[in-house]
Amino acid sequence: MDTLERAFARMGARVKFEEILPNRATQKLSLDAFSLDVRRDARGEYFLVSRAPKSATEFLVLDVQPQNRHLLLLSRNGGEKHRFLLGHDERHWFVAGVPETAAISRVEDAMQALKPAAVLDSERGLRAKDRDSRRNRGRTRQGEWFFVPVRDARVPVWLILRDEPLIRSRGGKAHMCDELYRFGGETVYAGSAHLNGLTEGEYRNLPDDERKGSNFRVMRRNPQVYVRGRVRHPDHQTVVLDNWHRVLSNTEDQSYAMRNIVFLD
């Protein structure tokens, strides 16, 4: 634990540790159970690493970048390994699971692994220091969202939505867009108990009382999304997009390790 505390201190962060205790919902805990979270106390934000009693999970810091305030953490239990990028983004600390297909050992490589293919293509030819910036000539980033300019985009005026939210299926604070256009994707019904959405058939098969009591709204799963104008979020600086940009999410939702992250943006 001392080694981890020193590594987090180099990044400029505090870290605390606690045991995960069984509750009514979880009477038994597997020995590999753990979670990562961002909490706040009187001194400000800190990282919380929680493990089950007698857990065999080890944590190793693979890389620390004090100047950028980022750290790459590895969890290891036998042959199972997961990587997490921890750091500070504008105003707050964050935790992001890195897809397991990326067996990397540096913060810079983790940041690249969190970019979808279309973003990597848009950055082709840029210098490494420019690829890590929040804005470069290939795209703009705000939190977990990337905005890639679309040349000669033709958007029907009558389909433009105003003051529309961008939000992950797992919840979190919405990024509000001045102008947004969605097309394609799959129609789903999202409710308080079904954040990822239900297909038409799944929704129709629900009991009547559940359909009426879950505040369902019709949404599109995996649509193409374009935005223009201001994109606002309480934890991030507002970005202004003069032209239409395609919206892409980072790849942390492809990480199996995301199940261990409590903190959501």
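The values are calculated or read from the model by the stated rules, or taken from the named source; none is laboratory data. Everything quoted here is computed from the prediction, not taken from an experiment. Here the Cβ positions follow ideal geometry from the backbone for every residue, glycine too, while neighbour counts run over all protein chains shown.
Only one entry of Asp130, Asp152 meets the criterion of being among the acidic types (Asp, Glu) and part of a loop (DSSP other than H, G, I, E, B), and that entry is Asp152.
For (1) in contact (Cβ under 8 Å) with a residue 40 or more places away in the chain; (2) hydrophobic (A, V, I, L, M, F, W, C), each residue gets a yes or a no:
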{"site": "Val95", "(1), (2)": "yes, yes"}
{"site": "Ser122", "(1), (2)": "no, no"}
{"site": "Arg131", "(1), (2)": "no, no"}
{"site": "Thr140", "(1), (2)": "yes, no"}
{"site": "Asp152", "(1), (2)": "no, no"}
{"site": "Pro156", "(1), (2)": "no, no"}
{"site": "Asp163", "(1), (2)": "no, no"}
{"site": "Leu166", "(1), (2)": "yes, yes"}
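Scanning segment 223-256 for residues that are of a type in the set (Phe, Trp, Tyr) and in contact with a Leu (Cβ under 8 Å, 6 or more places away or on another chain) gives a single hit, Tyr226. Within segment 220-245, residues that are in a strand (DSSP E or B) reach partners that are of a type in the set (S, T, N, Q) with beta carbons closer than 6 Å, at six or more positions or on different chains, in the pairs Arg230/Thr238; Val231/Gln142; Arg232/Thr238; His236/Gln142; Val239/Thr140; Val239/Gln142. Scanning segment 200-220 turns up at least one residue that is in contact with a Gly (Cβ under 9 Å, 6 or more places away or on another chain), under 26 Å from Leu120 (Cβ atoms) and modelled with pLDDT under 85. Checked against the criterion of being without any contact (Cβ under 8 Å) to a residue 60 or more places away in the chain, out of contact with any helix residue (DSSP H, G or I) (no Cβ under 8 Å at 6 or more places or on another chain) and exposed (fewer than 14 other Cβ atoms within 10 Å of the Cβ), the candidates Asp209, Asp178 yield just one match: Asp209. When Arg182 is tested against (1) outside any strand (DSSP E or B); (2) at pLDDT 85 or above; (3) among the charged types (D, E, K, R), just one condition goes unmet, and that condition is (1).
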